[in-house]
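J.: Below is a structure I'd like to ask you about.
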Amino acid sequence: MLAVAGGKGGCGKTTTALGVGRALDGESVVVDTDRDMPNLHAMAGVDREPMAGDDAAPQRVADGLSVLPAPSPTGSDATVTTILDRVANRTDARVVVDCPGGAGPDAAAPLAAATTVVLVSTACAPALRDATKTAAMARALGCRVAGVVLTRTRVAPPGVERLFDGPVLGTVPNATGSPLADERVRAAYAAVAAALSAPDRPTDGTATSGL
């Protein structure tokens, strides 16, 4: 289970979750766990309410890609964990989790359920510092940090890999119009997905076999 997380809202987590989910080989299900500020359903073009609830099923939005909108704002952390477990147990697809922003309790539940996390940040210093707090929380919860995706930029600032103790998986340029309709953005997420799937990709100072 791959989490997509960041230091704050608006940094491109949902776009990254959808972009990577669509670019990964095979089937993917993107699950929104941001109960207070959900936007996966809007970006994916599906209704939220008919899909909400513990027994909701993912909704197909493209070849190889389905989405599950966020649970009710009144749900508990256990509800998020239960939904993620249910999705993982009912499908052979890769599960990509769109996490709430920050390093608070709402972000902790999906990070604890995931095995790996991709951090998302813009290239400005305050956003990067916020994202490192989320990275630290993920590691404390036993979730491996695969690396960071930098949005709204073509160039990674120096020192980012050292800051996160992990690789820059890709940079995503500003979109013209809808982000996932922009061919440059889609190509950037295809490169991120390839980096995540590559065998023996170094992360956190160790080698892995990819996703």
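The values are calculated or read from the model by the stated rules, or taken from the named source; none is laboratory data. These numbers come from a predicted model, not from an experiment. Methodologically, a virtual Cβ is constructed for each residue, glycine included, from the backbone with ideal geometry; neighbour enumeration extends over all protein chains shown. All accessible areas refer to the heavy atoms of the entire protein, side chains included, with ligands and DNA or RNA removed. Shrake-Rupley method; radii C 1.70, N 1.55, O 1.52, S 1.80 Å.
J.: Tilt of helix 125-140 relative to the longest C-alpha principal axis of the chain, in degrees (0 to 90, nearest 10)?
T.: Rounded to the nearest ten degrees, it is 60.
J.: Taking amide hydrogens as modeled 1.01 Å from N in the peptide plane, which residues meet the under 5 Å criterion relative to THR122, leaving out close sequence neighbours?
T.: Under 5 Å from the amide H of THR122 lie the amide H atoms of THR151, each far enough along the sequence or on another chain.
J.: How big is D for region 100-165, in µm² s⁻¹ as a whole number, if Stokes-Einstein is applied with the Kirkwood radius of its Cα pairs at 37 °C and 0.692 mPa s? Don't skip to the answer; put the middle values down first.
T.: On the way: Rh = 12.0 Å.
Diffusion coefficient, whole number: 274 µm²/s.
J.: A further question follows. Expressed in nm², what is the orientationally averaged projection area of the convex hull enclosing the Cα positions of region 139-202?
T.: Average projection, Cα convex hull of region 139-202: 5.1 nm².
J.: Can you list residues whose amide H is under 5 Å from VAL31's amide H, if they're 5+ apart or on another chain and H is modeled 1.01 Å from N?
T.: Those lying under 5 Å, H to H, from VAL31 are LEU68, VAL96, VAL97, ASP98.
J.: How far apart, in nm, are the 7 Å Cα→Cβ label points at ALA191 and LYS133?
T.: 3.0
J.: Leaving out ligands, DNA and RNA, what percent of the accessible area of the chain is carbon and sulfur, probe 1.4 Å?
T.: Carbon plus sulfur share of accessible area: 51 percent.
J.: From the phi angles alone, apply the Karplus equation (6.51, -1.76, 1.60; θ = phi - 60°) to region 94-108 and give each ³J(HN,Hα) in whole Hz, x where the residue is Gly or Pro.
T.: 5, 9, 10, 9, 8, 8, x, x, x, 10, x, x, 5, 7, 5
J.: Near the amide H of GLY102, under 5 Å away, which other amide H atoms are found, from residues 5 or more places off or on another chain, if H is placed in the peptide plane?
T.: GLY6, GLY7, LYS8
J.: If you take the Cα atoms of the chain, find Rg, then find the Kirkwood Rh from the mean of 1/r over all pairs, what is Rg/Rh?
T.: A ratio of 0.93.
J.: I would also like to ask the following. Any idea of the accessible area per residue across the chain, 1.4 Å probe, to the nearest Å²?
T.: 43
J.: Across region 162-173, in residue order, what do the Karplus-derived ³J(HN,Hα) couplings come to in whole Hz, using 6.51 cos²θ - 1.76 cosθ + 1.60 with θ = phi - 60° and x for Gly and Pro?
T.: Using θ = phi - 60°, the values come out as 5, 4, 9, 6, x, x, 7, 7, x, 10, 10, x Hz.
J.: Ok, one more. Can you give the helix-only mean residue ellipticity at 222 nm for the chain, where every DSSP H stretch with n ≥ 4 adds -39500 (n - 2.57) and the sum goes over all residues, rounded to the nearest 500 deg cm²/dmol?
T.: -10500 deg cm²/dmol
J.: Any chance you could run the full-extension gain for ARG86 through GLU161? It's 0.36 nm times the residue separation minus the Cα-Cα distance, nm to one decimal.
T.: Gain in length upon complete extension: 23.6 nm.
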